[in-house]
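Participant: The structure that follows is given in the form of structure tokens.
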Amino acid sequence: MKPPPTQQQAAGHGRPARARERNRLAILTAAQNVLSSNPNASMDEIAEAANMVRRTVYGHFPSRQDLITSLVELGAQELIAYVGDIDVQARDASAEMAGLVLRTYGTAKRFGPVIELARRTSADTVFAAMEPFNIVVAALIRHGQKQGAFTSPLDPDLLAHLLEACALAFHSAQQKRAWQGGEEDVAHSQLLLLGVPADKARATVNQAAAVLTQEAGMS
């Protein structure tokens, strides 16, 4: 029977795993930056941006599609991290939705080009990665419909996916310089999609933005 590894031996075995994870994250960061500016970038270009040889990149991601899939999953994980902050039984569902959009649009914008790229080749991957987030959004929409805050008669699950598509459409317009606004425009448009009157939607977004600014100042 072998003696248990010493603390030093255990630490030594852990270093390669940590180094591998650092390399993996470095590749993902480089790929996100490169693909955002050039969706057709090759694995060689991504490897160069990550300051790694092509072999190292392929050691982590056997194909370009595997790399794109991992990026989509990373973006979805960032969005899902906000799920715990969503009160699906909020007293004011409109304000809750506006705050959610304002908090998450930055992540959606950063990963937008990669998500659009993934949709062309593997729409199922995007759907599966985003579904945990969309399920919670749909629950909030359902609550808002019962409140009367959201007057759209459409199914909440469908509306959740429409909101996702709306955010991506704004990002695409920004990339084409057809729109140069901010997340407040996105939140306002999404409340309109849910059936919130225009004036109330704008006031709700402004109030939610003020709350987030105040919270940021206190942190």
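Participant: Would you check if Ala41 is crowded, with 17+ Cβ neighbours inside 10 Å and either in a helix (DSSP H, G or I) or in contact with a Gly (Cβ under 9 Å, 6 or more places away or on another chain) (or both)?
Facilitator: no
Participant: Another question, then. Which of (1) assigned to a helix (DSSP H, G or I); (2) farther than 30 Å from Leu28 by Cβ does Phe111 not meet, given it meets every other one?
Facilitator: Unmet for Phe111, out of (1) assigned to a helix (DSSP H, G or I); (2) farther than 30 Å from Leu28 by Cβ: (2).
Participant: For region 1-38, enumerate the residues that are polar (S, T, N, Q) and either outside any loop (DSSP other than H, G, I, E, B) or modelled with pLDDT of 90 or more (or both).
Facilitator: Looking only at region 1-38, we keep the residues that are polar (S, T, N, Q), and these are 6-9, 23, 29, 32-33, 36-38.
Scanning region 1-38 gives Gln7, Gln8, Gln9, Asn23, Thr29, Gln32, Asn33, Ser36, Ser37.
Participant: Answer yes or no as to whether Ala187 is crowded, with 16+ Cβ neighbours inside 10 Å, among the small types (Gly, Ala, Ser), touching a residue at least 60 places away in the same chain (Cβ under 8 Å) and touching a Leu at 6+ places or on another chain (Cβ under 7 Å). Please lay out each step first, then the result.
Facilitator: Values: crowded, with 16+ Cβ neighbours inside 10 Å: yes; among the small types (Gly, Ala, Ser): yes; touching a residue at least 60 places away in the same chain (Cβ under 8 Å): yes; touching a Leu at 6+ places or on another chain (Cβ under 7 Å): yes.
Answer is yes for this residue.
Participant: Here is a follow-up. Show the residue pairs that are 6+ apart or on different chains and have beta-carbon atoms under 9 Å apart, the first residue being within region 53-65 and exposed (fewer than 13 other Cβ atoms within 10 Å of the Cβ), the second being of a type outside the set (Phe, Trp, Tyr).
Facilitator: Final answer for the pair search is Val53/Ala47; Arg55/Ala47; Ser63/Met43.
Participant: What do you reckon, is Ala118 surrounded by 21 or more Cβ atoms within 10 Å (Cβ to Cβ) and at pLDDT below 85?
Facilitator: Values: surrounded by 21 or more Cβ atoms within 10 Å (Cβ to Cβ): yes; at pLDDT below 85: yes.
Spelling it out, Ala118 is indeed surrounded by 21 or more Cβ atoms within 10 Å (Cβ to Cβ) and at pLDDT below 85.
Participant: Does Pro113 fit the bill of being open to solvent by less than 20 Å² (accessible area, probe 1.4 Å) and under 27 Å from Asn38 (Cα atoms)?
Facilitator: Against the criterion (open to solvent by less than 20 Å² (accessible area, probe 1.4 Å) and under 27 Å from Asn38 (Cα atoms)), Pro113 qualifies.
Participant: For region 190-219, how many residues meet the condition of being modelled with pLDDT under 95, open to solvent by less than 60 Å² (accessible area, probe 1.4 Å) and β-branched (Val, Ile, Thr)?
Facilitator: The total comes to 0.
Participant: Report, by residue number, each residue of region 71-98 that is more than 18 Å from Ala165 (Cα to Cα), at pLDDT 90 or above and not in a loop (DSSP other than H, G, I, E, B).
Facilitator: Scanning region 71-98 gives Ala93, Ser94, Ala95, Glu96.
Participant: Just checking, which of Ala160, Ala169 is small (Gly, Ala, Ser) and open to solvent by less than 20 Å² (accessible area, probe 1.4 Å)?
Facilitator: Result: Ala160 is the single residue among Ala160, Ala169 that is small (Gly, Ala, Ser) and open to solvent by less than 20 Å² (accessible area, probe 1.4 Å).
Participant: Would you check if there is a residue in region 139-147 being open to solvent by less than 30 Å² (accessible area, probe 1.4 Å) and among the polar types (S, T, N, Q)?
Facilitator: Scanning region 139-147, I find no residue that is open to solvent by less than 30 Å² (accessible area, probe 1.4 Å) and among the polar types (S, T, N, Q), so the answer is no.
Participant: List the residue pairs whose Cβ atoms are under 6 Å apart, where the first residue sits in region 124-136 and is within 10 Å of Thr69 (Cβ to Cβ), the second is in a helix (DSSP H, G or I) and of a type in the set (Ser, Thr, Tyr), and the two are 6 or more positions apart or on different chains.
Facilitator: Qualifying pairs under 6 Å: Thr125/Thr69.
The values are calculated or read from the model by the stated rules, or taken from the named source; none is laboratory data. Worth saying up front: this structure is predicted, and the values here are computed from it rather than measured. Note that we place each Cβ from the backbone using ideal geometry, even for glycine, and neighbour counts take in every protein chain shown. These area figures cover heavy atoms from the full protein model, side chains too; ligands, DNA and RNA do not enter into them. Shrake-Rupley method; radii C 1.70, N 1.55, O 1.52, S 1.80 Å.
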